[in-house]
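Following: one structure in structure tokens, then a few remarks.
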Amino acid sequence: MLVEGAVLDADGPRPAYVLFRRGRVVEVGRPGTDSTRGRVRKVRGIVIPSPVNSHVHLGDAVSSREPPSGPVGQIVASPTGYKFRLLRDASPEQKQAAMRAALRRMAREGIAATIDFREEGRPGVELLRAAAAGSGVRVVVLGRPLARPIDPQELASLLEVADGVGLSSARDETPSTLRTVSNACRRAGKPFALHASEAVREEPDRYLSARPDLLVHLAKATPDDLAAVRRARVPVAVCTRSNALFGRQPDLQTMERLGLSVLLGTDNAMFQAPSIWRELEFAYMATRLRGRPVSAAFLANAALVEPWNWLGEPDGARIAPGTGARPLIVRLPPDDPAYQIVTRTTEHLIVRAGTERAGTAG
Ligand SMILES: [Zn+2]
């Protein structure tokens, strides 16, 4: 299949054609210069790397009811908040089925990978692994140890099955817990991630001194705080719909200006569908609504490029022969690719190279 239009990847947007053979990229070049001489079916659209949903709590998918209003702290507080009661009251089978359904939806929407903060200790990690098997979505599972103070044996056992650790927030933990978990992750060669400055501002020292590999939210961080995060070179996952539900927004404009590595996630699956496309459009519109616009390219990078860097696989965000990336074709006008992708992508516009549907689509 030949796609003519544009490519939007780690090297930015550009007019291009992409020739696929058996689902793989075999040629990329300027439109009209391909080698097919018109013998291959042509589709018009934009070719992008598969997106990554960089922050989810898929276990939360056990509930899809409208959340109660109130401070986010009370709703998601461990162990007695609304969210943890729902998790506690659901059976492992219910949770596994809910996570599997969420992953199926993500697969249909073209998500290649997701980074999950999985509560409930080692059993929680194992449940998500079982739900993810064969789903087509790679799940990076950041588990959470249950015992406080940290039980070294529990933490070691968790790190045997988890891809890393994702903690609630710096202010919910003692400095010693943060240090112990961070050190254990570093020894295991696995990432350590942390929510930070979500509902209230935290001092950057509090979360940066634990040397996290990823911070989530920073909705209450000041420009100076963000500058400190930039200096520490810590990537940030932002979740604009989740924050909006509780009346706040991250300062994306300052993040873009400072050049932070920003990733995009959809957060609690009980509050928002885990759709990166809905998140992208909302994030863009919200910055306009607040009079603090960011570029569409910045948000496209947060879904399509920065997560691959975080995963240590920058080639996953490069549309070129032999990179191993799994590109998506989106049937949108190619004139302004980042704006089109960020504001207009829906599942039904996605075509997979190498499928029958793709071959007859255009
Ligand atoms: Zn979260």
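The values are calculated or read from the model by the stated rules, or taken from the named source; none is laboratory data. Predicted model only: the values in this text are computed from it and were never measured. With ideal geometry, Cβ positions are generated from the backbone for all residues, glycine too; neighbour counts draw on all protein chains shown. Protein only, heavy atoms only, side chains kept; ligands, DNA and RNA dropped before computing areas. Shrake-Rupley method; radii C 1.70, N 1.55, O 1.52, S 1.80 Å.
The trypsin sites (Lys or Arg not before Pro) of the stretch 201-273 that meet both conditions, a loop assignment by DSSP and at most 13 other Cβ atoms within 10 Å of the site Cβ, are Arg233.
What does the charge add up to near Pro149, with Lys and Arg as +1, Asp and Glu as -1, over the other residues with Cβ less than 15 Å from its Cβ? With Lys, Arg at +1 and Asp, Glu at -1, the net is -1. Projected onto planes of every orientation and averaged, the convex hull of the alpha-carbon atoms in the stretch 1-89 covers 9.7 nm². Per residue, the chain exposes 43 Å² of solvent-accessible protein surface, assessed with a 1.4 angstrom probe and all protein chains in place.
Between Ala320 and Asp89, the contour length at 0.36 nm per residue exceeds the alpha carbon distance by 78.4 nm. Between Arg22 and Leu289, full extension at 0.36 nm per residue minus the direct alpha carbon distance yields a gain of 91.8 nm.
Here the average projected area of the convex hull drawn through the C-alpha atoms of the stretch 274-314 stands at 3.1 nm².
Computed from the C-beta positions of Asp172 and Arg104 and an R0 of 30 Å, the FRET efficiency is 0.40 to the nearest 0.05. Here is the list for the stretch 47-135: trypsin sites (Lys or Arg not before Pro) lying in DSSP coil, each with at most 16 other C-beta atoms within 10 angstrom of its C-beta, are Arg65. Across the stretch 40-164, Cα-Cα distances exceeding 21 Å account for 46% of all pairs. Of all beta bridges that DSSP places with both ends in the chain, some 35 percent have antiparallel geometry. Listed peptides 338-344, 298-304, 137-143 appear in the order 298-304, 137-143, 338-344 once ranked by packing, highest mean of other Cβ atoms within 10 Å at the front. Only protein atoms count toward the accessible area here, which uses a 1.4 Å probe; on the chain, the carbon and sulfur part of that area reaches 48 percent. With both labels modelled 7 Å from their Cα along Cα-to-Cβ, the Ser64 to Ala147 distance reads 3.9 nm. For the chain, the equivalent ellipsoid built from the Cα gyration tensor has semi-axes of 35, 22, 19 Å, listed from largest to smallest.
With K and R counted +1 and D and E -1, the other residues having a Cβ less than 13 Å from that of Asp336 yield a net charge of +1.
For the stretch 254-362, report the translational diffusion coefficient in µm²/s to the nearest whole number, using Stokes-Einstein at 4 °C, 1.567 mPa s, and a Kirkwood Rh over Cα pairs. It comes out at roughly 85 µm²/s.
Between Ser78 and Ser35, residue separation times 0.36 nm minus the direct Cα-Cα distance comes to 9.6 nm. Near the amide H of His55, within less than 5 Å, lie the amide hydrogens of Ile115, Gly265, Thr266, Asp267, all on another chain or at least 5 residues away, with H placed in the peptide plane.
With N counted as the residues of the stretch 90-142, its alpha-carbon radius of gyration over 2.2 N^0.38 Å works out to 1.04.
Do me a favour and compute the ellipsoid semi-axes for the stretch 226-287 from its Cα gyration tensor, root of five times each eigenvalue, largest one first, whole Å.
22, 12, 10
In this calculation the C-beta distance from Ala227 to Asn309 is compared with R0 = 25 Å, giving a FRET efficiency of 0.75. Evaluated with a Cβ-only charge set (Lys, Arg +1; Asp, Glu -1), the chain carries a dipole of roughly 860 debye about its Cα centre, given to the nearest 20. With R₀ set to 56 Å, the beta-carbon distance separating Ala156 from Asp335 gives a calculated FRET efficiency near 0.55.
Under Stokes-Einstein, with the Kirkwood radius over Cα pairs as Rh, the value for the stretch 115-177 at 25 °C and 0.890 mPa s is 204 µm²/s.
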